[in-house]
């Protein structure tokens, strides 16, 4: 994992960290047609926005699908179930921003780091990390997940799972890319 760029060989995504104010995390996501969709999820206290640079994305927000194309922007408010996928004919590139960032950087570092090691986010990893990341699956209700994860957390810890891993911490920090997108457009 090069600084400022993370890849996930399991989902086929590439993440390029972009400059942002200290309380935000801004990422260019690059997703091919054969990407793996993220599960329907929510961020309890962070808004997430999508700004399409290239291609088309379908974003499912609170049960409603919306197709976004180059130049379109969509804001998902905190606590709203959502997911997205590449619904175009080629590479999808978009900016996503988390406001406030909270510990979303840890999510991307852990997700990509584990994927490179051949490990998926399983229920024990989610139990160990959900509270840190402030992100949960869209169902069952967050309160039930919190209760279940509180019961599973000691089991996860005993089996070696951690909320985050020192070997991945900071892998998204160095070499943050320029905010100039002109050189990224394929011609």
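The values are calculated or read from the model by the stated rules, or taken from the named source; none is laboratory data. Computed from a predicted structure; not experimentally measured. Cβ sites come from the backbone with ideal geometry, for glycine too, and all protein chains shown count toward neighbours.
Given (1) under 18 Å from residue 13 (Cα atoms); (2) outside the structural domain of residue 35 (by TED's automatic domain parsing), identify the lone condition not met by residue 84.
It is condition (2) that residue 84 fails.
Conditions tested, residue by residue: (1) in contact with a strand residue (DSSP E or B) (Cβ under 6 Å, 6 or more places away or on another chain); (2) part of a strand (DSSP E or B).
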{"site": "52", "(1), (2)": "yes, yes"}
{"site": "57", "(1), (2)": "yes, yes"}
{"site": "68", "(1), (2)": "yes, yes"}
{"site": "79", "(1), (2)": "yes, no"}
{"site": "88", "(1), (2)": "yes, no"}
{"site": "94", "(1), (2)": "yes, yes"}
{"site": "98", "(1), (2)": "yes, yes"}
{"site": "102", "(1), (2)": "no, no"}
{"site": "107", "(1), (2)": "no, no"}
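Take the conditions without any contact (Cβ under 8 Å) to a residue 24 or more places away in the chain, buried (at least 19 other Cβ atoms within 10 Å of the Cβ) and not assigned by TED's automatic domain parsing to the domain that holds residue 121 and apply them to residue 13. Does it pass?
Yes.
Which count do you get for residues in the stretch 19-28 that are surrounded by 15 or more Cβ atoms within 10 Å (Cβ to Cβ) and under 28 Å from residue 145 (Cα atoms)?
Result for the stretch 19-28: 4.
Looking only at the stretch 43-58, decide whether some residue is within 16 Å of residue 112 (Cβ to Cβ) and exposed (fewer than 15 other Cβ atoms within 10 Å of the Cβ).
No, the stretch 43-58 contains no residue that is within 16 Å of residue 112 (Cβ to Cβ) and exposed (fewer than 15 other Cβ atoms within 10 Å of the Cβ).
Any residue in the stretch 39-66 that is in the same structural domain as residue 121 (by TED's automatic domain parsing) sitting within a Cβ distance under 6 Å of a residue that is assigned to a strand (DSSP E or B) and exposed (fewer than 15 other Cβ atoms within 10 Å of the Cβ)? List the pairs, counting only those 6 or more apart or interchain.
Qualifying pairs under 6 Å: none.
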